Structure formats: structure tokens, C-alpha cells
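First comes the structure, then the notes that go with it.
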Amino acid sequence: MYRLFTLSVAMFGLALLAASPLRAADMPAVDDLQARMGTPAGTVTVYEPHLSVGDEHVAIDYVGYPAVDVLAELFGADWESQAETVELRALDGYVLRVPANRFLTVDAFFVFALGDGSPFTVDNLLQNQTDVPLGPYYLVWDNIGNPALIEEGPGTWIYQIAEANLVVLSDTALLPAGLDARFHEGAALAKEHCLRCHMVNGYGGEKFEGNLAEITKDYEEAEFVSLVLAPLSVLEETTMPPLSVRLDEEERQRIAKALFDYLVALPVLE
């Protein structure tokens, strides 16, 4: 089940994304996980961010286990001390990296079924998709018990989880030597808003092909900003979600422009 490995140039095509040795585990089949956990799965009620629009929050019951318990089963009771980041990889190429200590302070759950027994799918309204399969596992957060999470939107709600890793990552690919410090905020914004689906110089998700630093250089600023704020206005039938509509419009504009400035300035590294 477990394998030890070191990130390598062969894996990413880059020596820039340095990582210390990490542990990785393919997520077990649901029946296997239940047997290993030794306790029945519980039901958790959350506001489903993929279905909620504005202040209309849709409550959904899911069945699963607390994330801290699953991580302990996969990696041992001391899992949070083994690496600073938990990386979750989805079947569709989405990659979520979460500080390990966040799981210790915010309740999250690996769920694998809906409480009412209906198909384990969701309508992803922001990505114009319906009946999206959520399995094998879906990471949900207790945004009812912790309402501050509602403002974060669905970015950290990763579905189709097939693999979990404990990693220590470097930002060298995003902040190469010589990049002006004024672009550092843009790198942080790219990690938060773009690099779960997209990749920059070998760092990020694998849901969409291409180096985002290279792709962005073909856009004028106004078109790029429109793409970030309202993707369908630029690309027909895209599944790319808009930048969080829970932010005020001035902040959305500022973030989109900061992303553009950063990605245009960032060297494309092969």
C-alpha cells in the first residue's frame, strides 16, 4: 500500500520542484478502509459549496470518516510530524495541497457516500457540470460548525481523491532567482487560485495541459482579466470556474491583474 520515493527530474521534467522524501498512499477501496478503521462511518452535514449560490446554502449529508483518523490509518499516528503538507491527487488531475496543521484545527472528512443513499455525485455549478462523480473519496469541511469556511468556497473541496501524499515542497519553480519581489504576492495568489488545476514550471495540478506562465504570455491583460473573472465570456463551454464571486469586485479585479503581472513576468522554465 505504501511506497517511499523522492520527487525527481524524471517525474516533473524539472529539477526546480525540490521535495524532501515523502510518503504516499493510494486510497484504499471503501470496503477496505472501513475494515481498517474498525468503526462504522459517521454522517456529517455540510453546506455543499458546489451547489450553494450567494446566501442560499444547500445542506447535504455525507457518510465518511474524520480526515485526521484516515490520515493516521494511512501514515501512522504521527502523520502530522512527518511532513508539513498533505497533498491529495484526484482522478481528474486536480491537486490540493493543505498544511498538515490545518487538519488539526479545522474539521474535515473523507466521505464516500451520500447520507440518503442517492448516487455519489454533485452538480458543479461553477464549472457548468452536472452529475460529477465524487468517488472514490471526497474531502469536505465542516462549514456549518465553522461558518468562516463558507467564504473560502469550493477550492479545497477535492473530489475523486485517489492518492494521498505527505510532502515538503519548494517554491523555487514559482519564485526563481532574479524574480522581482513585487511579484511574490502574485505567486501566492496563483497557488491559492490557479495551481490546483493548472501547472506553472512543473508546480501545480494536472487538470489542464500546458505551462500557465507560457499560456498567459499570449493574452492581453484585459482578455486575461476577463478570463479569470468570467471564463465563459472568453472561452465557450469551458469548465474553468470564475474567481470567487464571494470576493468584492474591486478585490477580484486586483487579484486578476496581479496574477497576470506575475505570470507574464515569470520565466518559462523547461
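Values as computed for the structure displayed
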quantity	calculated
Among residues of the range 89-107, those that are part of a strand (DSSP E or B) and not β-branched (Val, Ile, Thr), counted	5
Answer residue from the range 122-133, given it is assigned to a strand (DSSP E or B) and open to solvent by 10 Å² or more (accessible area, probe 1.4 Å) and is nearest to Leu71 (Cα to Cα) among those	Pro133
The range 62-99, residues that are touching a residue at least 60 places away in the same chain (Cβ under 8 Å) and among the polar types (S, T, N, Q)	Gln82, Thr85
Any hit, the range 203-210, residues being touching a helix residue (DSSP H, G or I) at 6+ places or on another chain (Cβ under 7 Å) and modelled with pLDDT under 95	no
Pairs, first more than 13 Å from Val225 (Cα to Cα) in the range 240-253, second modelled with pLDDT of 90 or more, C-beta under 7 Å, six or more apart	Met240/Pro231
Residue pairs meeting the criteria (Cβ under 7 Å; at least 6 apart or on separate chains; first hydroxyl-bearing (Ser, Thr, Tyr), in the range 147-165; second crowded, with 20+ Cβ neighbours inside 10 Å and part of a loop (DSSP other than H, G, I, E, B))	Tyr159/Leu134
Of the criteria (1) within 15 Å of Ala164 (Cβ to Cβ); (2) touching a helix residue (DSSP H, G or I) at 6+ places or on another chain (Cβ under 8 Å); (3) at pLDDT 95 or above; (4) not acidic (Asp, Glu), which one Ala41 fails	(1)
Selection count where residues are part of a strand (DSSP E or B), open to solvent by less than 40 Å² (accessible area, probe 1.4 Å) and of a type outside the set (Gly, Ala, Ser), scope the range 41-88	10
Failed criterion for Val58 (all others in (1) in contact (Cβ under 8 Å) with a residue 12 or more places away in the chain; (2) closer than 15 Å to Pro154 by Cα hold)	(1)
Residues being touching a residue at least 60 places away in the same chain (Cβ under 8 Å) and in a loop (DSSP other than H, G, I, E, B) - total across the range 108-121	1
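The values are calculated or read from the model by the stated rules, or taken from the named source; none is laboratory data. Quick caveat, the model's predicted, so the values are computed rather than measured. Virtual Cβ from ideal backbone geometry, glycine too; neighbours counted across all protein chains shown. Ligands, DNA and RNA are stripped out before the accessible areas are found, and what is left, the full protein with its side chains, is counted by its heavy atoms. Shrake-Rupley method; radii C 1.70, N 1.55, O 1.52, S 1.80 Å.
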